[in-house]
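Computed from the coordinates by the stated procedures, all read-outs in this text should not be read as laboratory data. As the structure is a prediction and not an experimental result, all values here were calculated from the model. Backbone-built Cβ (ideal geometry, glycine too); neighbour counts: all protein chains shown.
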Amino acid sequence: MTFDPTALNTREACVAADRADPLSGFRDEFALPEGVIYLDGNSLGALPRAAGERAREVLAREWGEDLIASWNTHHWFELPVRIGEKIGRLIGGHGGGCVATDTTSINVFKALAAALRLQREDRPERRVIVSERENFPTDLYMAEGLIEILDDGYELRLIDDEAGLEASLSDEVAVVMLTHVNYRSGRMWEMDRVTRLVHEAGALIVWDLCHSAGAVPVDLTAASADFAVGCTYKYLNGGPGSPAFIWAANRHLPRVEQPLSGWWGHRAPFDMAVGYAAAEGAAKFLCGTQPILSLATMEVGIDIALRADPEALREKSLALTSLFIALVEERLAAHPLTLITPRDSEHRGSHVSFRHPEGFAVMKALIAEGVIGDYREPEVLRFGFTPLYVGFADVWDAVEAFRRVLDEELWRAPEFAVRGAVT
Ligand SMILES: *Cc1c(COP(=O)(O)O)cnc(C)c1O
């Protein structure tokens, strides 16, 4: 089916669109609290109902009864590879290997180090890493830390836009590290085109898919990408702090070396050999003992994502974000809101951000009204639309609550000025 956001100009039309939505059955698979419209799945995905049962099974049966035997009998040891393969299917990873492990930050470090190492062999004089000033800061922090310990003249250069990227691609550049969908603006790079440009310049690319996996179509193999990382607790609904993933193309994997050479990445960990010998395939990206409880519960979210048709997800996601933008601009036109997300759907992920001078208090007031989005510096109100469990009537109701908060200046209440540790 095709959604026409301009036809959704009444709440009834939105309810009807939800009824006709081929993905509507997924909503019941998530435990969303009554009276809440959850537009923050781009920060922490909702709880799949089946995850609770899976967690109880792992605790009571696998850990509680079968104890250490579970590493073999319940296949705990293979979990990172098994789930990695599933994630690979969601991101067009068949032309490479993927494991679920560690955090995105740590995987950025490993992927970047591995890419630089390949370039040291192939193009040894290149010493520049290019990334984006607007990138999620941890990606840049990890690059800084890596450059520091390499202590060999490496340099991080930051670009601001596509023109800046093209201008930066000199023969000094070893690796380009970009986030496919920007965490703040929701802007999406053209993965195929950008990867081609980077390769033409003799550089390798590391794609961060944190705001892409489970939200927008990704085909790493078709794009001929080199490395990718991303998290699973956003659109893949893996749970708070669930392990991230790391992927490398098959053409690189045999030569890939990563510096966190712990025993889980060894080709025969239980030989307890002196001296490291990397596993074959993506398992070489593993480091130490994995968080089995998190992996087991996160697999539930991954399995749900695997059942959803990616084309239908993208179509609905764009319809939801287009509708939200249209309704906010029409119904909240009197307020100082500035859209910072691309209007052009080709370049949009699955979230929408508006700036408002009182953004922080406005978001707090909106949350008090039952519409959960989040706030990002500076002044940015961010709304994530996970097509698996957000519907068109939710969008309608969220915009109405947003309008109340602004028209009635509910955000002026003093309690909405207080900041917690996490925003
Ligand atoms: C969410 C996000 C992260 C989070 O990294 P963690 O190591 O999981 O805390 C990193 N990079 C990007 C681009 C993100 O959106």
Residues of type lysines that Lys110 reaches as a straight line, Cα spacing below 30 Å, ignoring anything fewer than 8 places off in the same chain: Lys86, Lys234, Lys284
Three-way shape label, the stretch 90-189, alpha-carbon gyration tensor, a/c 1.5: rounded
Cα centroid of the stretch 398-414 to Cα centroid of the stretch 170-201, whole Å: 38
Cα-based helix-to-principal-axis angle, 104-122 vs the chain, degrees rounded to 10: 50
Counted charge near Glu162, where neighbours are those whose Cβ lies closer than 11 Å (Asp, Glu -1; Lys, Arg +1): -3
Rounded tilt (10° steps) of 310-331 against the dominant C-alpha axis of the chain: 40
The stretch 44-75 versus the stretch 106-136: alpha-carbon centroid distance in Å: 37
Spatial separation of Cα centroids for the stretch 1-22 and the stretch 321-342, in angstrom: 18
Cα gyration tensor shape for the stretch 1-143, rounded if a/c is under 1.5, else prolate or oblate: oblate
Order by protection proxy (mean Cβ within 10 Å, highest first), peptides 209-215, 246-252, 407-413: 209-215, 246-252, 407-413
Cα-based shape type of the stretch 301-423, given that a ≥ b ≥ c are square roots of the gyration tensor eigenvalues and the cut on a/c is 1.5: prolate
For the stretch 289-299, Karplus couplings with θ = phi - 60° (6.51, -1.76, 1.60), whole Hz, Gly/Pro x: 4, 8, x, 5, 4, 5, 4, 5, 6, 5, 4
Degrees separating the helix 392-407 axis from the principal Cα axis of the chain, which is the longest one: 70
Helical contribution to [θ] at 222 nm, DSSP H n ≥ 4, -39,500 (n - 2.57), averaged over the chain, rounded to 500: -11000 deg cm²/dmol
For Gly96, distant residues with modelled amide H under 5 Å away: Asn250
